[in-house]
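First up is the structure itself, then whatever we jot down about it.
The values are calculated or read from the model by the stated rules, or taken from the named source; none is laboratory data. Being a predicted model, the structure only gives us computed values, none of them experimental. So basically every Cβ, Gly included, is an ideal-geometry build from the backbone, and we count neighbours across all protein chains shown. Calculation scope for accessible area: heavy atoms of the full protein, side chains included, ligands and nucleic acids excluded. Shrake-Rupley method; radii C 1.70, N 1.55, O 1.52, S 1.80 Å.
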Amino acid sequence: MPVKPKPVPVATAWTMPFWEGTRNGKLLYQKCGDCGTNVFIPRIACSRCFSENLEWVESSGRGTVFSFTVVENNAPSAFIADMPFVIAIVKMEEEGVQMLTNIVECDPYEVRCDMPVEVVFEKLSDEFTLPKFRPAASR
Amino acid sequence: MSDLKGKVAIIGIGEVPTGRFPEASAIYHAIESARRAIRDAGINKDNIDYVLPCGAVYSPPFNTELITGRVVEELGLKNVSKNCQVFSGGSTSSCGIDIAASLINSKAASTVLFVHADRLGTGVDLQGGIDLFATAGISHEWEVPFGQHYSSIAALAMTRYMYETGCTDEHLAAVCVSNRKWAELNPHAFFRKPVTIEEILSSKVLSTPLRAKQSNMLFDGGAAFIVTSAERARDITERPVYLLGEGGIVTHFVYSQEPDITRFGWARAAEKAFGEAGLTAADMDIAEIYDSYPIYELIAFEELGFCKRGDGGEMFLRGDTWPGGKIPTTTNGGMLSQGHTGGGGGVAILVETFRQLMGKAGERQVPNARFAVETGTGGTYMDSQVSVFGTEIP
């Protein structure tokens, strides 16, 4: 079967700073200047108070695995060659936001719930770099 | 309160078997289901004045035809004032009945035909189906680029739920076994051979811990029902099925943004639906729960109040949900055994709810069933929808 190209994020005008951030090795989220809510995924306005006074802040890049799965069969076409690979929801505990990602740089079967992880960046195309996570180095 | 309690009733149901029918078009399934529903109600077809076709996930030209009146023309309906598509994925069942009921209660309609059909079994191959559903309802910016798809979505809920509650692989397999016990008695179900926990747990892993036999299968099929006012229903049939309560909560679009993938909005939706009906889970004779994957059936079952969180698996395992059990659950076999026909997989579960309450469920009839709860959930489990029905108004 021909290998299909990986889908790139379908970005919007207000999310471009996020993708510019990942290109430069930074994981950004938004902070509402009015109510103080940390906003992720990026929004036009704060999803709590509707304020457009949102500023971009750099994340610690540290989180924990909330849930995960190792994809072994029946992946979407573009990901068949990657199997087995890990899809996970990571909680950024300090920022109180969560995101879908892949856990990389480890044996997929070593991933566990609540495992500490840290962000790494994987270039997908000239325009898009994806934030992924690896087991956190012991600190 | 939506004030719909006891105001409307279902008077007829129709369904075609679920399976692979390469020779039949989606319109065949739609027309045949609708025709059966009209015959079942025993009404003159020209009394139908409002048609609500359910959107098709796959079958784009058919979708367009649904919207533009094909069902009305094929059935030769002469007094239809409005034809309007309804679609909220797997929650089309609960949302559809709510809309039909609201139209009747507001006098915008007197008799509504709701009809679903799709061709997910023969319209698309397996990899095509995976690819289609790996983009349908999944964020193209935040999840598609990471390989998210429906198996991984179910697996993410399973992993966390099992971690938090101690639920085992056997418990989740038991949900499939329970549904299959019902499907063995359902001539419209695709999978009708008995299945064991061992067989399920030895099937190939799709996304850990989800296995192939814990996954719904895409098929062709159709289902329809007819709704009218409670008052009119009593003149038409001796056993109308009343809508008693409705509750729903839309929680998310991007799955990873839902803070609780082990509960969703079920408890809130159930509180509203049961509250409106003036009943509780303990009053229910049947639970008809949307089951595209066993984890979602189990979570909804528990959050509706049939047991404490974490205790549901044991109930499915020991037979409480089986034929003859104390709370018969998903009695058509669900999408795990009857098969998943798109938005209509939920409509089939809704039609089964009516069938049981009407006393027309044949071999799998739950004796003396008076009250039943039905659930639906659309997209990547974006919403939790709960409906309560009964043969009497408490």
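Think of the protein assembly as shown as having a plus end and a minus end, set by charges on the Cβ of Lys, Arg, Asp and Glu; of A:VAL3, B:ILE249, B:ILE327, B:ILE327 sits farthest toward the positive end of this dipole. Annotation: Cα Rg of the range B:88-190 relative to the compact-globule expectation 2.2 N^0.38 Å equals 1.46. The C-alpha atoms of chain B define a longest principal axis, and helix B:266-277 lies at about 30 degrees to it. Local charge for B:ASP125 was computed over the other residues whose Cβ lies under 14 Å away, with Lys and Arg +1 and Asp and Glu -1, and equals 0.
When Rg and the Kirkwood radius Rh are both evaluated on Cα atoms of the range B:166-323, their ratio Rg/Rh stands at 0.99. Using the rule -39500 (n - 2.57) for each DSSP H run of four or more residues, divided by the residues of chain B, the 222 nm mean residue ellipticity is -10500 deg cm²/dmol.
Measuring how big the protein assembly as shown is from its alpha-carbon positions, Rg and Dmax come out at 23.4, 76 Å. The angle between the Cα long axis of helix B:344-358 and the longest principal axis of the Cα atoms of chain B comes to about 60 degrees, rounded to the nearest 10. Dipole magnitude for the range B:1-142: computed about the Cα centre from +1 point charges on Lys and Arg Cβ and -1 point charges on Asp and Glu Cβ, it is near 520 debye. Evaluating kT/(6 pi eta Rh) at 4 °C and 1.567 mPa s, with the Kirkwood radius of chain B over Cα pairs in the Stokes-Einstein relation, gives 63 µm² s⁻¹. Spin-label model, A:CYS113 to A:SER47: label points 7 Å out along the Cα-to-beta-carbon direction sit 2.2 nm apart.
Please grab the % of Cα pairs in chain A that end up more than 24 Å from each other. The share of Cα pairs beyond 24 Å in chain A comes to 36 percent. Exposure check, 1.4 Å probe, all protein chains in place: B:ARG318 carries approximately 140 Å² of accessible surface. Of the residues B:THR168, B:ALA154, B:HIS188, the one whose Cα sits farthest toward the positive end of the charge dipole of the range B:150-215, with +1 on the Cβ of Lys and Arg and -1 on the Cβ of Asp and Glu, is B:HIS188.
Once the C-beta distance of A:ASN24 and B:LYS308 is scaled by a Förster radius of 45 Å, the resulting FRET efficiency is 0.35 to the nearest 0.05. Relative to the longest principal axis of the Cα atoms of chain B, the long axis of helix B:169-183 lies at roughly 30 degrees.
So for the range B:133-178, Kirkwood radius off the Cα pairs, Stokes-Einstein at 25 °C and 0.890 mPa s: how many µm² s⁻¹?
In µm²/s, the coefficient is 204.
Computed over every Cα-Cα pair of the range A:57-98 and binned at 10 Å starting from 0, the pair-distance distribution P(r) comes out as 28, 35, 27, 10 percent. Over all projection directions, the Cα-based convex hull of the range B:15-97 averages an area of 5.7 nm². Summing +1 for each Lys or Arg and -1 for each Asp or Glu among the other residues whose beta-carbon sits under 15 angstrom from that of B:MET315 gives -3. For the listed residue pairs A:LYS26/A:LYS91; A:LYS6/A:LYS31; A:LYS31/B:LYS272; B:LYS193/B:LYS360; A:LYS4/A:LYS132, the alpha carbons are over 28 angstrom apart in A:LYS6/A:LYS31; A:LYS31/B:LYS272.
In nm, to one decimal, how far is the B:ARG234 label point from the B:ASP125 one, both placed 7 Å along Cα→Cβ? Going from the B:ARG234 label point to the B:ASP125 one covers 5.8 nm.
Each other residue within a Cβ distance under 13 Å of A:MET83 adds +1 if Lys or Arg and -1 if Asp or Glu, for a net charge of -1. Look at the alpha carbon pairs under 8 Å that are at least 6 residues apart: their mean separation over the length of chain A gives a relative contact order of 23 percent. By the equivalent-ellipsoid construction on the alpha carbon gyration tensor, the range B:80-127 comes out with semi-axes of 28, 12, 7 Å, ordered largest to smallest.
Backbone N atoms of the range B:1-29 closer than 16 Å to the 7 Å Cα→Cβ label point of B:THR68 belong to residues B:27. Projecting the Cα positions of A:THR129, A:MET83, A:TYR109 onto the charge dipole of chain A (unit charges on Cβ atoms of Lys, Arg, Asp and Glu, taken about the Cα centre) puts A:MET83 furthest along the positive direction. Rounded to two decimals, the Cα radius of gyration of the range B:332-391 over 2.2 N^0.38 Å is 1.16.
Counting only other chain Cβ atoms within 10 Å of each residue's Cβ, the peptide B:254-266 averages 3. Just the projected area, averaged over all directions, of the convex hull on the alpha carbon atoms of the range B:1-144: how many nm²? Average projection, Cα convex hull of the range B:1-144: 10.3 nm².
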